[in-house]
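Asker: I'd like to ask you about the structure that follows.
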Amino acid sequence: MTMDDFKEFLIRTGYSERTPAGNPSTVYDYQKRVQTICEREHIPDLDSLAARIDEIERKYAENGEESEFGAKSHNAYINAIRRFQELCREQ
């Protein structure tokens, strides 16, 4: 799985690539947030993240040990993880 797969999934499910002003929007934000989670968890690639996605989702969810981080930026981290989880379930 690649970041392009995730990007295409987000676009296909209705997320914006650009704001009305032309700035990067949710698609790019979620890609960056998933990459940040990989770095925090020492996960080398998206295939490895996919193999652990349920564990990672629980860890960053509301009652998980990293819930405070998952809730940053209006829950953007946990939402990005959940969208990636949806892609994993789809494939």
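The values are calculated or read from the model by the stated rules, or taken from the named source; none is laboratory data. Quick caveat, the model's predicted, so the values are computed rather than measured. Don't worry about glycine lacking a Cβ; one is built from the backbone with ideal geometry, like all the others, and counts go over all protein chains shown. Accessible surface is based on the protein model in full, side chains and every heavy atom, while ligands, DNA and RNA are left aside. Shrake-Rupley method; radii C 1.70, N 1.55, O 1.52, S 1.80 Å.
Asker: Of everything in segment 4-19, what is modelled with pLDDT under 95 and either open to solvent by less than 60 Å² (accessible area, probe 1.4 Å) or basic (Lys, Arg) (or both)? Give them in sequence order.
Answerer: Ser16, Arg18, Thr19 - these are the residues of segment 4-19 that are modelled with pLDDT under 95 and either open to solvent by less than 60 Å² (accessible area, probe 1.4 Å) or basic (Lys, Arg) (or both).
Asker: A further question on this structure: Give the residue that is farthest from the chain's Cα centre (by Cα), with candidates limited to residues of segment 3-22 that are of a type in the set (Phe, Trp, Tyr) and in a helix (DSSP H, G or I).
Answerer: So, considering only residues that are of a type in the set (Phe, Trp, Tyr) and in a helix (DSSP H, G or I), the one farthest from the chain's Cα centre (by Cα) is Phe9.
Asker: A further question follows. Yes or no: segment 50-71 includes at least one residue that is touching a residue at least 40 places away in the same chain (Cβ under 8 Å), under 14 Å from Met1 (Cα atoms), buried (at least 16 other Cβ atoms within 10 Å of the Cβ) and not acidic (Asp, Glu).
Answerer: Yes: one or more hits.
Asker: Test Ile56 against the criterion of being out of contact with any Phe, Trp or Tyr (no Cβ under 8 Å at 6 or more places or on another chain), within 16 Å of Ala80 (Cβ to Cβ), outside any helix (DSSP H, G or I) and of a type in the set (A, V, I, L, M), and give yes or no.
Answerer: no
Asker: For segment 69-91, name all the residues that are of a type in the set (D, E, K, R) and more than 13 Å from Arg58 (Cα to Cα).
Answerer: Correct list: Lys72, Arg83, Glu86, Arg89, Glu90.
Asker: Among the residues of segment 23-49, count how many are assigned to a loop (DSSP other than H, G, I, E, B) and open to solvent by less than 40 Å² (accessible area, probe 1.4 Å).
Answerer: Qualifying residue count for the region: 2.
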